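The values are calculated or read from the model by the stated rules, or taken from the named source; none is laboratory data. Everything quoted here is computed from the prediction, not taken from an experiment. We place every Cβ from the backbone using ideal geometry, glycine too, and count neighbours over all the protein chains shown. Each accessible area value is taken on the protein alone, full model and side chains, heavy atoms only, with ligands, DNA and RNA left out. Shrake-Rupley method; radii C 1.70, N 1.55, O 1.52, S 1.80 Å.
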Amino acid sequence: MALSEGSRPGSGVVAADHVSLRRNNLSVVLRHVRAAGPRSRARIAAETGLNKATVSSLVAELVERGLLRDGQAQSERGTLGRPGQLVELDGSGVCGVGAEINVDYLAITALDLSGDIVTERRVPLDVAHLAPGTTLDHLAELIREAVAAVAARGGQTAGVTLAVPGLVQSTTGSLKLAPNLGWQEVPVVDEMRERLGEPGYPVRVDNEANLAALAAYSELKKNTGNSEDIVLLTGAVGVGGGMVSGGHLLRGGHGFSGEVGHMPVAPAGGICGCGRTGCWETVVGLTALLNKATDADDPVRDPSLDVEQRLAEITRRAEAGGARTLRALADVGTWLGIGGAILVNILNPDVLVLGGYFAVLGPWLKEPLESAIRDRVIAPDGGGCRVVQSELGFAAAVRGGAQISLDQVFLDPTLIGRDAAGVAQ
């Protein structure tokens, strides 16, 4: 909400209140330009309710901080008495970094303020058989490379958000439990800060499915503009779920929501990495698919190969009509629908988004999944839920992590550029 900087009641308002007010209004203007696109200063004033002089001052500061820049000049004269100069996001100066730890790979991406990719990389790594410290050493190197790539173009890193597949306490920066990694009670943020030498940017950690859901939500909003309630299912060796309701991520009372891979859907099934029997991921996770579709010595089971290379081979076999591969995909798709129907019955999302390996193999998983949802969701027409494949694939979690880092700048633009104490009064 925009607040007037010229209408504060009373003469006893302290300087801190003015700083807070200006910080809020900087955020209003920056977020408005992100949502609405390039705008003249006069139009920003009209659409936010701020007065014209205030907007002019705010835009000048945001330009100085490297967050906005002048764009095209409008042909007609603006209401501020000069040709209407458009202002737009300055994508070159500020970047957010997302970094992911998963069972068989590490990944990194840096996005600029406009959402464009500055650098991204995924490295095959058998994380499940490495000590946490060794994995964090590898990830720290990837982060340093990404930060260096941002600096090489004259940019500033706004923050790094780590994505991990497990129970995360974001407020303390700790991973409580990640069964498929074999990690327990790891202070991930403290460990990473130590490796990075106490960097001059924030380091955060969150559940990878939560971050992937935020990225998928942003993708849907950009493409369709009308999906406020989604469930994202992200599949790798483990299975996670992220839920957005009314545009807000659902974290649960203690921040541990989304562990849908451990719903007990197959009581007579196999042993899960968590030690329990019959969890959903034992019948729909990537390991389950490979066990059904391949022999033990098949190269696609080699975790040293990039996951997309392995899935490309499964895709090739499916397209060639390989009977065993197609049977495995149909079986996984049916089990995916059984668990998916439970989630749709409980949450009634507008959209069920397939991420991770589910998105890559969506052409074969989607039909049995949708069939099971039609059969098992009690509301008519599957509760109105659409099933879509995410275009982000395995990049969703790191994109969401980078987005979280940038969101802090949109909430408080004074984090970037001039020191907060230097804000114009």
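Key figures for this structure:
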quantity	calculated
Conditions (1) among the charged types (D, E, K, R); (2) more than 19 Å from Val409 (Cβ to Cβ); (3) outside any helix (DSSP H, G or I); number of the one not met by Glu47	(3)
The lone exception for Glu313 - which of (1) at pLDDT below 95; (2) surrounded by fewer than 24 Cβ atoms within 10 Å (Cβ to Cβ) it fails	(1)
Qualifying positions in region 336-359 - surrounded by 23 or more Cβ atoms within 10 Å (Cβ to Cβ), among the hydrophobic types (A, V, I, L, M, F, W, C) and within 21 Å of Asn291 (Cβ to Cβ)	Leu336, Leu354, Phe358, Ala359
Region 271-282, residues that are open to solvent by 20 Å² or more (accessible area, probe 1.4 Å), among the hydrophobic types (A, V, I, L, M, F, W, C) and either touching a residue at least 12 places away in the same chain (Cβ under 8 Å) or part of a loop (DSSP other than H, G, I, E, B) (or both)	Cys274
Helices (runs of 4 or more DSSP H) within region 332-425 that include 3 or more residues under 16 Å from the mean Cα position of the chain (by Cα) and at pLDDT 95 or above	396-411
Residues within region 319-329 that are surrounded by 15 or more Cβ atoms within 10 Å (Cβ to Cβ) and either assigned to a helix (DSSP H, G or I) or aromatic (Phe, Trp, Tyr) (or both), tallied	4
Single condition Val353 does not satisfy, out of (1) farther than 24 Å from Leu249 by Cβ; (2) touching a strand residue (DSSP E or B) at 6+ places or on another chain (Cβ under 7 Å); (3) among the hydrophobic types (A, V, I, L, M, F, W, C)	(1)
Restricting region 178-237 to residues that are assigned to a helix (DSSP H, G or I) and among the small types (Gly, Ala, Ser), the residue that is most open to solvent (accessible area, probe 1.4 Å)	Ser218
Lone qualifier among Thr172, Thr157, Thr135, Thr161 - being outside any helix (DSSP H, G or I) and touching a Phe, Trp or Tyr at 6+ places or on another chain (Cβ under 9 Å)	Thr157
Residues of region 17-52 satisfying the condition of being open to solvent by less than 40 Å² (accessible area, probe 1.4 Å) and at positive phi	Gly37
Flag if Gly242 is within 27 Å of Lys176 (Cα to Cα) and exposed (fewer than 15 other Cβ atoms within 10 Å of the Cβ)	no
